[in-house]
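Have a look at the structure below, then the notes.
FYI, it's all coordinate maths here, none of it is from the lab. Just so we're clear, the structure is a prediction, and the values are computed from it rather than from any experiment. For neighbour counting, all protein chains shown are included, and Cβ atoms are generated from backbone atoms with ideal geometry for every residue, glycine included.
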Amino acid sequence: MSDPTAHPNDSTTAPASERLAAVLGRIDAARESCGRAPGSVRLLAVSKTFSVQAMSEVLAAGQRDFGESYLQEALPKIAALRDRGACWHFIGPIQSNKTREIAAQFDWVHGIERLRIAQRLSDQRPPELAPLQVCVQVNISGEASKSGCGPAEAGELCRAIAALPRLALRGVMAIPAPAEDERDARAPYARLRRLFDEIKSTLPDEAAAKFDTISAGMSDDLEAAIAEGSTLVRIGTALFGERDYS
Ligand SMILES: *Cc1c(COP(=O)(O)O)cnc(C)c1O
């Protein structure tokens, strides 16, 4: 009889080490085909909806960065995998009543779109921890329904965040609208890269030196994102299988 406590998403065919190697191989091939340096693209394993067991296997296979979108789902996973050397990234929308726990439990936050949230995270980051590493989310496709600040406001927001004492501003993040083909897929990532370069050139030297991250690309379009300069791809489905939200 099958284990009734097993999550349906865990019924993946290949072992975790093979799935991880396949994703890393895809990233490497994309990186090499555009002549970028080895090690210039980091894999964030997006584990939302997947069990501690599934994550534990990927961790054992050598993956360190994990991304979660929902605080209540993430907290028990972080507790269960404590002392296993994982680096935790919060990639979901951030409500102001959740900032205290996010600031205490995560290493990175990718979805910052307002200064008020950044100020709370800085104020609430526990003093014994390293600064919280953050990216500003940009609504790069200009979709009315999507999160992220407008591209025109991103520079000012980044400069304000760079001055906060308990945050380290690392770069920008985006989730573009789905594209029809490879050429369409690259356009928003090219805009994000230009915006990143523009913002970096306006930051004070010390902040500019830390500003090194373009968090862009998911399972379906990581090749397009890497071709346009992404330094961190956020991969769920290609690593863990299809998500089941039921
Ligand atoms: C779920 C999620 C991903 C992963 O998407 P896949 O298509 O499964 O790779 C990446 N980024 C964010 C912000 C997400 O919420």
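Sorted by mean Cβ packing within 10 Å, highest first, what order do the peptides 191-199, 143-151 take?
On the way: 191-199: 18.9, 143-151: 14.3.
Packing order, densest peptide first, comes out as 191-199, 143-151.
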Subject >> Under 12 Å, Cβ to Cβ, from residue 40 - net charge with Lys/Arg +1 and Asp/Glu -1 >> reply: 0
Original post:
Where the centre of each part is set by its Cα atoms, how far does region 188-246 sit from region 145-187, in angstrom?
Top reply: 9 Å
**OP:** Mind checking which of 119, 59, 155 is farthest towards the positive end of region 37-240's charge dipole, using Cβ charges of +1 (Lys, Arg) and -1 (Asp, Glu) about the Cα centre?
**Re:** 119
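Quick one: net charge of residue 71's neighbours, Cβ under 13 Å, K/R +1, D/E -1?
Values: positive: 48, 77, 98, 100; negative: 68, 73, 101.
Net local charge, residue 71 excluded: +1.
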Original post:
Using the Cβ atoms and a cut-off under 12 Å, what net charge is assigned to the surroundings of residue 187, where Lys and Arg are +1 and Asp and Glu are -1?
Top reply: -1
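Given an 8 Å cut-off on Cα distances and at least 6 residues of separation, report the relative contact order of the chain as a percent.
Values: 432 pairs, mean separation 51.1, N = 246.
That works out to 21 percent.
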Original post:
Going from the alpha-carbon gyration tensor of the chain, what semi-axes, largest first and in whole Å, does one get by taking the root of 5 times each eigenvalue?
Top reply: 28, 23, 16
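Given the peptides 165-178, 51-64, arrange them by the average over their residues of other C-beta atoms within 10 Å, most packed first. Write down the numbers at each step before the final one.
Working: 165-178: 21.0, 51-64: 17.4.
Per-residue Cβ counts within 10 Å, averaged per peptide and sorted highest first, yield 165-178, 51-64.
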Subject >> Mean Kyte hydropathy of -0.5 or more with a Cα span along the axis of at least 20 Å, helices from DSSP in the chain >> reply: 16-33
Subject >> Cα-centred dipole magnitude for the chain, charges only on beta-carbon of K, R (+1) and D, E (-1), debye, nearest 20 >> reply: 700 debye
